[in-house]
Amino acid sequence: MTEALPRPDVEQVPPFGQLFGRLVLAGVIAGALAGAYSLLVTERAITPALDLEDARLAAQGGHDLGVEMFSRGTQLLGGFLGTLVAGVVLAVVFAAVYGVTRHRLPGRTDFSRVVLLAAIGFGIFALLPALKIPANPPAVGDPATIGTRTAIYGTVLLCGLIAAMLVAALVSFLRSRGAGIAATAAAAVVLTGVLVSLVILLVPDSPDTIPLDVPAAVVWSFRLASLGQLAVLWTALGLAGGWLLDRLTRTARADR
């Protein structure tokens, strides 16, 4: 009786500890890149809004109220470090989700699976909220509506998660019935479009309005910069995490 040898085409599943470590490292990389983007791009979009706030304060005679507890440089450093920490925290959650859903994600390599999961995360946590309740610069927003805006944002995220689960269920059903890749992808795109449209139409809009003294260019520059920062974060997490995990599995396969 001969001993069965491992098939060379069978993919090696990395231990969760190694998977977790690679994705957290990717989170450090993603957080650092997103922090650098914040300093180079987002900060330039915030500055005009801060100047508007200072002008309003000066017009109201509130010069003493404009004294900052921390210098702008300290605030920028804190923002960079906060983004770095956010990247690590995101990677921890991402690693846990990937560890649970890895075997369900389509794709033949960890690189393609990680990139796909990162794209889904960007769609749920960045793109969908940006379409429904986009970020506003400091000169826009009534403090009295923070609770309402937070509730709307949470509702959008919940709807995004539900939509992702419904699309995943549809894809799983079609694959179990032997549907082709093109037909499955088309059905997933159509269902995603329908669900996103329902979220945009049915979830209430932000109660805040844009003040007349805030130029549209300032608002949209900040919104695009904020979305771009999230895109850098999720893209870097997906690409770096996918590359690191792919190297891990390739090395494990070569050592067998």
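Restricting attention to the stretch 176-230, report how many residues are among the polar types (S, T, N, Q) and buried (at least 16 other Cβ atoms within 10 Å of the Cβ).
Counting residues in the stretch 176-230 that are among the polar types (S, T, N, Q) and buried (at least 16 other Cβ atoms within 10 Å of the Cβ) gives 6.
For T192, state whether it is within 30 Å of Y37 (Cβ to Cβ) and hydroxyl-bearing (S, T, Y).
yes
Taking the stretch 173-192, which residues are under 24 Å from the mean Cα position of the chain (by Cα) and polar (S, T, N, Q)?
T192
Does G73 qualify as being in a helix (DSSP H, G or I) and buried (at least 17 other Cβ atoms within 10 Å of the Cβ)?
no
Considering only residues of the stretch 126-138 that are crowded, with 18+ Cβ neighbours inside 10 Å and of a type outside the set (A, V, I, L, M), which is nearest to the chain's Cα centre (by Cα)?
Ranking the candidates gives P129 first.
Just so you know, all these numbers are worked out from the coordinates, no wet-lab data involved. This one's a predicted model, so the numbers in the text were calculated from it and none came from an experiment. Counting neighbours? That spans all protein chains shown, and the Cβs are built from the backbone with ideal geometry, glycine included.
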